[in-house]
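Colleague: Could you have a look at this structure, given as structure tokens, before my questions?
The values are calculated or read from the model by the stated rules, or taken from the named source; none is laboratory data. What you see is a predicted model; the values in this text were computed from it and never measured. Neighbour counts are summed over all protein chains in view; Cβ atoms, including those assigned to glycine, are modelled from backbone coordinates with ideal geometry. Surface areas here come from the heavy atoms of the whole protein model, side chains and all, with no ligands, DNA or RNA. Shrake-Rupley method; radii C 1.70, N 1.55, O 1.52, S 1.80 Å.
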Amino acid sequence: MAEGSNDNNLEAKESYWNWQEFKTNVVRASEAGPDSSVRGRKYLDNVDRWFRKIDGITLRYIPEQYHPFIQTGAIANFMFVIAVITGFLLLIWYDPSVHSAYDSVAAMSDSPYTAELVRSLHRYSSDAFILFVIFHAFKVFFGARFTGSRWLAWITGIVALIIIWFDGWLGYWLVWDDQAAMIATATAKMVDVLPFFAEPLAASFLTGDSFNSVLFLVVFFLHMLIPISFGIMIWLHVSRLNKPNFMTNMKFSGLLLGSLIIVSLLFPADIGERADLLTSPEGVVIDYFYLLPLILTERLQGGTLWLLFLAGFVLVSSIPWIMRRRKREDTQPVVDEVKCNGCTQCFYDCPYNAITMVPRVKGNPKKSEFVAEIDHSICVSCGICVGSCDPVAIDYPNLSAWDIREKLDRWLDDDARKLEDVNVAFVCGNSAGSLLTIDPESGRCKEMPGYLVCTLPCAGWVHPTLIERALKKGANGVLVSGCESDPDFRLGADWMGDRIEGERHPEFRKDRYERDKILYLKLDKPEFDKFLDEAQKFRKKRQDDPNLIKDAADKIKSNWKQAAAGVLIAGMIAGLTVWPSSAGLPLPERESELVVSFKKKGAPVYAEKQSDEDRPRHMQRGDVKQVEQRSDVAVKISAGDKVLFEEYYAPKGIFERGYSSGIIHIPLDPGRHTIHAQIGNVTENGVEWQQSVEQNLEIKEGEKAVLKFDEQEGFSWYF
């Protein structure tokens with residue numbers, strides 16, 4: 001009878017929250033923090049929930065220290081280290097010469113457990129690096145972790161990705177197979193747009209004989225040295241982080257290396273056909289992680305490619321400013337120097353190194369020699385320093401701990417008279433409670449009857465004295481909600497858990513208040529329903545079910561389930577690495593063509609004779625003739641009586657005294673042709689043709705014939 005009476009009373013108490021008129025000035029928990037300053041946050045959150053859902057599913061079966069999706073940055077760094085080590089080991093077998101590079105790489109397949117294994121490890125670790133960097137970038141973007149001081153990590157991350165991508169692009173060049181030939185010509189197409197070379201770089205990739213071996217060595221040494229600049233970018237990338245998770249732990253690193261070895265043995269890195277610059281391949285297999293731009297370079301001109309690249313870089317790099325709203329000045333935490341006792345706890349707890357200890361100016365110098373100082377240009381307004389400050393010397397003007405304390409007093413005084421088992425909830429706006437609808441003035445929440453809810457930027461903001469205050473004023477229980485996987489403010493959720501357990505200062509005083517009156521939930525955004533369920537269970541059955549008083553991430557996992565889940569996830573990641581690494585490239589239809597490359601000096605145009613009489617005797621040379629400039633060079637290509645091409649080329653150089661040069665692409669129908677080529681100087685009286693050549697050739701569909709000319713060797717045919 002007593003049990004039924006209690007249930008009826010509980011229903012009556014809950015009805016109080018249902019029939020009371022709910023105020024209209026309500027906010028979402030995700031928008032109620034002091035710094036919700038990102039445009040389109042609602043749309044970003046919708047995608048971020050899917051990433052969190054993947055994390056949550058994986059966490060059900062795999063321990064956090066082996067979780068691949070919340071250590072994406074650390075895994076990428078580990079893969080980079082493996083790529084560097086295996087790259088140096090490959091020098092044992094690789095010959096960096098354009099004439100023997102392909103043979104040395106192809107010969108590695110004769111040693112499947114040494115050379116071929118190392119090469120495959122080098123390739124797949126490089127691919128896995130890009131895979132995890134992309135996954136890491138997506139999580140950062142959709143988690144809106146790129147504004148404020150975090151712009152530096154965003155920009156350096158983009159630059160680091162471009163650097164390592166370009167290094168991989170050059171690495172595939174060094175194999176000198178058919179895809180390497182495409183890389184070389186694509187690179188030349190973009191470089192020739194820039195005013196760096198007097199002679200087009202593309203002229204070096206028209207025939208096998210024209211490829212300069214010195215250029216190949218330059219590419220080789222660039223590939224070896226570029227990772228140094230990547231290391232600098234990564235150092236800048238984590239320079240503002242406190243306790244960065246830079247590398248995976250030893251056991252996890254061993255598992256990752258073992259997985260790479262298995263994949264490398266099962267799917268050895270492939271190699272294409274030997275590079276043939278005169279023949280266009282009908283189909284080619286490429287590594288999409290590094291060679292995806294070949295889809296564009298085979299279809300677009302160099303200027304268009306540069307426009308797309310620069311526009312994309314500017315757009316992606318400016319995201320921290322394009323999507324950032326103006327930040328309110330009162331969202332910045334401030335330090336009361338008089339109250340600060342110089343304990344340094346905030347200095348150690350700040351996840352972004354925004355706090356330094358400086359000599360005291362105000363207050364009693366005997367209290368402490370140093371006080372905390374916050375660099376607002378680095379601070380991300382997470383509020384973790386507020387929860388770590390024992391004397392409550394750090395405060396937000398817009399989210400003051402004192403104001404929250406006064407609210408708690410008012411809420412509990414008003415509602416304790418009406419409802420006996422009122423509970424208090426401190427909810428992180430990025431956790432599972434982000435969808436709560438809250439009246440910030442009364443603390444009431446539609447989705448959580450029986451709770452007075454205060455929303456925060458991070459669970460680490462909660463000072464243990466606030467929990468103690470709520471319990472002291474009559475709250476039946478206190479719920480604190482934080483992020484579970486890959487928290488938005490990194491260490492705050494962990495610090496909060498440690499404080500509640502008395503393992504980190506300032507700690508919750510268990511000698512004064514009962515620990516089982518506190519429920520700390522670490523749940524991510526997709527687990528909103530579970531969050532509400534756990535909250536109501538805690539309110540209704542806290543005293544009868546002690547098993548509820550636990551971290552929601554503490555789950556009992558059997559060994560076989562962990563192993564099965566690990567194998568499944570490793571297989572999925574291996575598939576995402578191997579499949580794009582050897583996928584077919586759709587190529588546009590190639591036309592048969594004649595390619596003409598020339599380099600010639602035009603006729604000299606002299607200035608008037610000048611006298612040296614005004615110079616000292618030892619510098620006089622008599623009357624001299626100076627070349628003022630050179631004439632244009634004319635090129636004419638005919639097939640029988642039909643003129644296929646005729647054009648004039650001005651001399652290079654600022655003073656127009658250099659060579660005239662160019663590369664001409666002339667489409668030809670498949671079949672037999674009699675080609676007549678002429679080259680000469682443009683004079684006042686017309687064109688003075690100086691040299692010519694005639695050649696009968698037969699060209700097939702998709703093939704090309706090359707005609708090269710320079711003044712020393714004359715005309716040379718390649719077909």
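Colleague: Mind checking which residues of the range 364-411 are without any contact (Cβ under 8 Å) to a residue 24 or more places away in the chain and under 23 Å from Ser30 (Cα atoms)?
Modeller: Listed by number, the residues that qualify are Ser400, Trp402, Asp403, Glu406.
Colleague: Determine which single condition Ser253 fails, assuming it passes every other condition in (1) farther than 26 Å from Trp579 by Cβ; (2) in a helix (DSSP H, G or I); (3) of a type outside the set (A, V, I, L, M, F, W, C).
Modeller: Of the numbered conditions (1) farther than 26 Å from Trp579 by Cβ; (2) in a helix (DSSP H, G or I); (3) of a type outside the set (A, V, I, L, M, F, W, C), the odd one out for Ser253 is (1).
Colleague: Something else: Would you call Ile234 β-branched (Val, Ile, Thr), open to solvent by less than 70 Å² (accessible area, probe 1.4 Å) and in a loop (DSSP other than H, G, I, E, B)?
Modeller: no
Colleague: Can you tell me which of (1) part of a helix (DSSP H, G or I); (2) surrounded by fewer than 20 Cβ atoms within 10 Å (Cβ to Cβ) is the one Ala186 doesn't meet?
Modeller: The failed condition is (2).
Colleague: Looking at Leu412, Leu399, Leu408, can you tell me which residue is assigned to a loop (DSSP other than H, G, I, E, B) and touching a strand residue (DSSP E or B) at 6+ places or on another chain (Cβ under 9 Å)?
Modeller: Answer to the check: Leu399.
Colleague: While we're on this one: If I ask for residues that are of a type outside the set (Phe, Trp, Tyr) and either part of a loop (DSSP other than H, G, I, E, B) or on the phi > 0 side of the Ramachandran plot (or both), which ones from the range 639-659 would you list?
Modeller: Gly640, Asp641, Ala650, Pro651, Lys652, Gly653, Ile654, Glu656, Arg657, Gly658
Colleague: Related question: Report yes if some residue within the range 492-507 is of a type in the set (Val, Ile, Thr), modelled with pLDDT of 85 or more, more than 24 Å from Cys428 (Cβ to Cβ) and open to solvent by less than 40 Å² (accessible area, probe 1.4 Å); otherwise report no.
Modeller: So far as the range 492-507 goes, no, none of its residues is of a type in the set (Val, Ile, Thr), modelled with pLDDT of 85 or more, more than 24 Å from Cys428 (Cβ to Cβ) and open to solvent by less than 40 Å² (accessible area, probe 1.4 Å).
Colleague: Can I ask one more? Which one of the conditions (1) assigned to a helix (DSSP H, G or I); (2) touching a residue at least 24 places away in the same chain (Cβ under 8 Å); (3) of a type in the set (Phe, Trp, Tyr) does Phe246 fail to meet, given that it meets all the rest?
Modeller: That leaves (1) as the condition not met.
Colleague: Does Leu568 satisfy the condition of being in a loop (DSSP other than H, G, I, E, B), at pLDDT 80 or above, hydrophobic (A, V, I, L, M, F, W, C) and open to solvent by 30 Å² or more (accessible area, probe 1.4 Å)?
Modeller: no
Colleague: Residues of the range 361-398 being modelled with pLDDT under 90, among the charged types (D, E, K, R) and either over 24 Å from Ile467 (Cβ atoms) or open to solvent by less than 60 Å² (accessible area, probe 1.4 Å) (or both), which ones?
Modeller: Lys362, Lys366, Lys367, Glu369, Asp395
Colleague: Got a number for residues in the range 452-470 being under 32 Å from the mean Cα position of the chain (by Cα) and assigned to a helix (DSSP H, G or I)?
Modeller: 3
Colleague: Tell me whether the range 92-109 contains one or more residues that are part of a helix (DSSP H, G or I) and closer than 26 Å to Met572 by Cβ.
Modeller: Looking for residues that are part of a helix (DSSP H, G or I) and closer than 26 Å to Met572 by Cβ, one finds none in the range 92-109, hence no.
Conditions tested, residue by residue: (1) buried (at least 19 other Cβ atoms within 10 Å of the Cβ); (2) at pLDDT 90 or above.
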| position | (1), (2) |
| --- | --- |
| Val175 | yes, yes |
| Asp209 | no, no |
| Val214 | no, no |
| Gly258 | no, yes |
| Leu277 | yes, no |
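Colleague: For Asp439, work out the one condition from (1) surrounded by 19 or more Cβ atoms within 10 Å (Cβ to Cβ); (2) closer than 21 Å to Phe528 by Cβ; (3) touching a residue at least 40 places away in the same chain (Cβ under 8 Å) it doesn't fulfil.
Modeller: With respect to (1) surrounded by 19 or more Cβ atoms within 10 Å (Cβ to Cβ); (2) closer than 21 Å to Phe528 by Cβ; (3) touching a residue at least 40 places away in the same chain (Cβ under 8 Å), Asp439 is out only on (1).
Colleague: Among the numbered conditions (1) under 30 Å from Asp55 (Cβ atoms); (2) free of Cβ contacts under 8 Å to residues at least 60 places away in the same chain; (3) open to solvent by 20 Å² or more (accessible area, probe 1.4 Å), tell me where Ser111 comes up short.
Modeller: Of everything listed in (1) under 30 Å from Asp55 (Cβ atoms); (2) free of Cβ contacts under 8 Å to residues at least 60 places away in the same chain; (3) open to solvent by 20 Å² or more (accessible area, probe 1.4 Å), Ser111 misses just condition (1).
Colleague: Just wondering, is there one or more residues in the range 271-283 that are more than 24 Å from Gly208 (Cβ to Cβ) and either assigned to a loop (DSSP other than H, G, I, E, B) or over 23 Å from the mean Cα position of the chain (by Cα) (or both)?
Modeller: There is no residue in the range 271-283 that is more than 24 Å from Gly208 (Cβ to Cβ) and either assigned to a loop (DSSP other than H, G, I, E, B) or over 23 Å from the mean Cα position of the chain (by Cα) (or both).
Colleague: Another one. Here is a list: Ile75, Ile85. Which entry is over 26 Å from Thr455 (Cβ atoms), in a helix (DSSP H, G or I), modelled with pLDDT of 90 or more and open to solvent by less than 60 Å² (accessible area, probe 1.4 Å)?
Modeller: Ile75
Colleague: Moving on. Are any residues in the range 124-173 part of a helix (DSSP H, G or I), open to solvent by 20 Å² or more (accessible area, probe 1.4 Å) and charged (D, E, K, R), and if so, which ones?
Modeller: Scanning the range 124-173 gives a single hit, Arg150.
Colleague: Can you pull out every residue in the range 471-498 that is of a type in the set (D, E, K, R), farther than 25 Å from Asp421 by Cα and in a helix (DSSP H, G or I)?
Modeller: Asp494, Asp498
Colleague: Next question, about the same structure. In this structure, does Leu265 turn out to be over 25 Å from the mean Cα position of the chain (by Cα), at pLDDT 95 or above, farther than 30 Å from Trp495 by Cβ and open to solvent by 60 Å² or more (accessible area, probe 1.4 Å)?
Modeller: When the stated conditions are applied, Leu265 passes them.
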